[in-house]
Amino acid sequence: MYIYSFELILKHESMEYNWAEIFKNKGTRELYNIYLGKSALGSEQIEYARIELERRNFDFVNLDKQRKKWELENLIEEEKSYRSIFFRTYRSWEYLIMGIAGILITFFAVISFLRFYLFDNSIGDLTSAFFALIMGPAFLIIGFLNYNKSRKREIFREKRLRELIDKL
């Protein structure tokens with residue numbers, strides 16, 4: 001629970017923002033979203049967003065080309081996310097490796113159980129085999145499901161990028 005002093009509240013209410021200057025530094029897409037009312041800003045700020053968009057010669061009538069440009073930018077950013085060190089997106093082949101690793105882990109866990117029950121009961125502790133029997137199928141399912149989803153997305157993105165580049 002925060003306790004605010006009366007002075008802090010008065011100081012905050014009297015604070016004025018130079019919205020025209022703030023909106024000069026914003027991107028066209030962000031300004032358009034503000035103009036559409038997709039933000040918590042009021043009607044005065046929406047008007048400033050409209051003025052800034054008009055100053056940039058934004059075409060309010062023919063939005064199709066602008067939307068395609070924004071979609072192209074999104075697809076390019078998505079492609080760049082594969083190269084990012086932090087918070088990167090995994091490629092489909094990386095999920096495929098995960099699924100194959102799940103198959104191998106499960107296989108070795110089953111072999112350990114069979115060896116223990118059929119041949120040699122003195123192997124010792126089977127805790128790691130139980131753990132592998134849980135983790136192996138989990139890797140397998142997660143890997144192959146994400147591979148399928150990621151591969152479809154990669155195919156769609158490549159196809160859509162070609163279409164948008166040809167249109168623009």
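Structure above, values below:
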quantity	calculated
Potential extension, S81-E16 segment - 0.36 nm per residue separation minus Cα distance	19.6 nm
Whole-number Å³ per residue for the convex hull built on Cα positions in the stretch 129-168	37
Within straight-line cross-link reach of K26, aspartates and glutamates at Cα separation under 20 Å, skipping those fewer than 8 residues along the same chain	E16, E44, E47, E52, E54, D59, E71, E73, E77
Table column - 3J(HN,Hα) (Hz), the stretch 90-102, Karplus curve with 6.51, -1.76, 1.60, x for Gly and Pro	8, 7, 4, 5, 5, 5, 4, 4, 5, x, 5, 4, x
Amide H within-cut-off set for F58, under 5 Å, with H built and near neighbours excluded	none
Proportion of all alpha-carbon pairs of the stretch 18-168 beyond 19 Å (%)	70
FRET efficiency, 1/(1 + (r/R0)^6) with R0 25 Å, evaluated for Y90 and S128 via beta carbons	0.40
Ranked order, V61, V110 - accessible area, probe 1.4 Å, largest first	V61, V110
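The values are calculated or read from the model by the stated rules, or taken from the named source; none is laboratory data. In this text the structure is predicted, and so the values were computed from the model without any measurement. Glycine also receives a Cβ, built like all others from the backbone with ideal geometry; neighbour counts cover every protein chain displayed. Accessible surface areas use protein heavy atoms only, side chains included; no ligands, DNA or RNA. Shrake-Rupley method; radii C 1.70, N 1.55, O 1.52, S 1.80 Å.
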